[in-house]
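Participant: Have a look at the structure that comes next, please.
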Amino acid sequence: MLCLGVTGGIGSGKSYVSRIFTALSIPVYEADTQTKLLYEHDAELKQGLILLLGAGIYRKGQLQRALMADRIFADRELLEQVNRLVHPVVMRDFADWREQQEAAYVILESAIILETPFASVADKMVTVSSPISLRIERLCHRDQSGVEDAQRRMERQWSDDMREKKSDFVICSDGKRPLLPQVLEVHQAMLEL
């Protein structure tokens with residue numbers, strides 16, 4: 001079964017675009033959502049994170065995400081070690097999920113797909129691009145955060161330019177061009193593969 005990778009920076013609209021694909025009966029694996037579930041329910045991953053980050057990283061069985069983020073984003077090597085633990089578990093979970101699907105193709109949605117081993121599972125890639133000012137506005141509204149916080153989070157990710165160069169399709173989520181015709185064009189191209 002073919003896989004379409006859907007990526008885009010934070011606040012770009014990739015989750016909204018993925019919901020349109022879902023309405024077209026295309027199954028979507030949301031890597032961020034699934035990873036959060038795996039942090040809580042995958043015993044191997046939990047044990048690995050505890051060994052790497054200490055027992056305090058879980059409190060009453062719940063991963064202390066803010067604490068983990070503070071630690072790994074302050075230490076590049078620690079971030080890479082956590083990624084080496086997390087990525088194989090998520091890839092295995094995606095593979096298991098993919099085998100259970102019955103559709104013309106599936107979607108793997110991830111903001112960082114191009115920066116990880118996940119890129120290898122996608123047959124085609126689409127980047128959802130959006131102007132930075134609109135992304136900041138969306139983030140501030142969605143997360144009730146300030147502009148500086150939104151900019152800091154965006155700086156940790158690849159630029160739209162970098163993602164677009166490695167993508168087969170680009171969907172522009174600028175609030176001006178309708179998304180549905182763009183999604184339908186990608187959908188048709190996937191059906192023709």
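The values are calculated or read from the model by the stated rules, or taken from the named source; none is laboratory data. A quick note: this is a predicted structure, and the numbers were derived from the prediction, not measured. All Cβ positions, even for glycine, are placed from backbone atoms using ideal geometry, and neighbour counts span all protein chains on display.
Participant: Residues to consider are Val183, Val126; find the one that is in contact with a strand residue (DSSP E or B) (Cβ under 8 Å, 6 or more places away or on another chain), assigned by TED's automatic domain parsing to the domain that holds Ser15, closer than 23 Å to Pro27 by Cα and not in a helix (DSSP H, G or I).
Facilitator: Val126
Participant: Within the range 84-100, track down each residue that is surrounded by 14 or more Cβ atoms within 10 Å (Cβ to Cβ) and more than 18 Å from the chain's Cα centre (by Cα).
Facilitator: none
For every residue, the table says whether it meets (1) out of contact with any Asp or Glu (no Cβ under 6 Å at 6 or more places or on another chain); (2) surrounded by 14 or more Cβ atoms within 10 Å (Cβ to Cβ).
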residue	(1), (2)
Val82	yes, yes
Pro117	yes, no
Met125	no, yes
Arg138	yes, yes
Lys176	yes, no
Leu179	yes, yes
Gln182	yes, yes
Glu192	yes, no
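Participant: Might you check whether a residue that is closer than 22 Å to Ser129 by Cβ, surrounded by 16 or more Cβ atoms within 10 Å (Cβ to Cβ) and in contact with a helix residue (DSSP H, G or I) (Cβ under 9 Å, 6 or more places away or on another chain) occurs anywhere in the range 31-46?
Facilitator: yes
Participant: Look at Glu80 and say whether it is farther than 12 Å from Gly8 by Cβ, acidic (Asp, Glu) and more than 19 Å from the chain's Cα centre (by Cα). Explain how you work it out, then say what you get.
Facilitator: On the way: farther than 12 Å from Gly8 by Cβ: yes; acidic (Asp, Glu): yes; more than 19 Å from the chain's Cα centre (by Cα): no.
Taking the combined requirement at face value, the residue does not satisfy it.
Participant: Residues Arg163, Arg71: which one is part of a helix (DSSP H, G or I), farther than 21 Å from Glu44 by Cα and in contact with a helix residue (DSSP H, G or I) (Cβ under 8 Å, 6 or more places away or on another chain)?
Facilitator: Working: Arg71 fails: farther than 21 Å from Glu44 by Cα.
Checking each option against the conditions leaves just Arg163.
Participant: Next question, about the same structure. Here are some residues: Leu51, Leu37, Leu4, Leu45. Which one is without any contact (Cβ under 8 Å) to a residue 12 or more places away in the chain, among the hydrophobic types (A, V, I, L, M, F, W, C) and within 23 Å of Ala119 (Cβ to Cβ)?
Facilitator: Working: Leu51 fails: within 23 Å of Ala119 (Cβ to Cβ); Leu4 fails: without any contact (Cβ under 8 Å) to a residue 12 or more places away in the chain; Leu45 fails: without any contact (Cβ under 8 Å) to a residue 12 or more places away in the chain.
On inspection, the qualifying residue turns out to be Leu37.
Participant: Sticking with this one: Answer yes or no as to whether Ile20 is of a type in the set (A, V, I, L, M), out of contact with any Leu (no Cβ under 6 Å at 6 or more places or on another chain), assigned to a helix (DSSP H, G or I) and assigned by TED's automatic domain parsing to the domain that holds Met125. So that I can check it myself, show each step before the final result.
Facilitator: Working: of a type in the set (A, V, I, L, M): yes; out of contact with any Leu (no Cβ under 6 Å at 6 or more places or on another chain): yes; assigned to a helix (DSSP H, G or I): yes; assigned by TED's automatic domain parsing to the domain that holds Met125: yes.
Criteria met by Ile20.
Participant: Of the residues that sit in the range 87-120 and are β-branched (Val, Ile, Thr), in a helix (DSSP H, G or I) and modelled with pLDDT of 95 or more, which one is nearest to Tyr16 (Cα to Cα)? Full working, then the answer.
Facilitator: Going residue by residue through the range 87-120, those that are β-branched (Val, Ile, Thr) are 89-90, 106-107, 112-113, 116.
Those still in the list that are in a helix (DSSP H, G or I) too: 89-90, 113.
Keeping just the survivors that are modelled with pLDDT of 95 or more gives 89-90.
Values: Val89: 26, Val90: 22 Å.
Across the range 87-120, the extreme among qualifying residues is Val90.
Participant: Next up: Check Ser167, Ser130 and return the single one that is crowded, with 16+ Cβ neighbours inside 10 Å, over 18 Å from Leu4 (Cα atoms) and in contact (Cβ under 8 Å) with a residue 40 or more places away in the chain. It would help to see each step written out before you state the result.
Facilitator: Numbers: Ser167 fails: over 18 Å from Leu4 (Cα atoms).
Ser130 is the lone residue from the list that is crowded, with 16+ Cβ neighbours inside 10 Å, over 18 Å from Leu4 (Cα atoms) and in contact (Cβ under 8 Å) with a residue 40 or more places away in the chain.
Participant: Just to be sure I understand, how many residues within the range 158-172 are at pLDDT 95 or above and among the small types (Gly, Ala, Ser)?
Facilitator: 1
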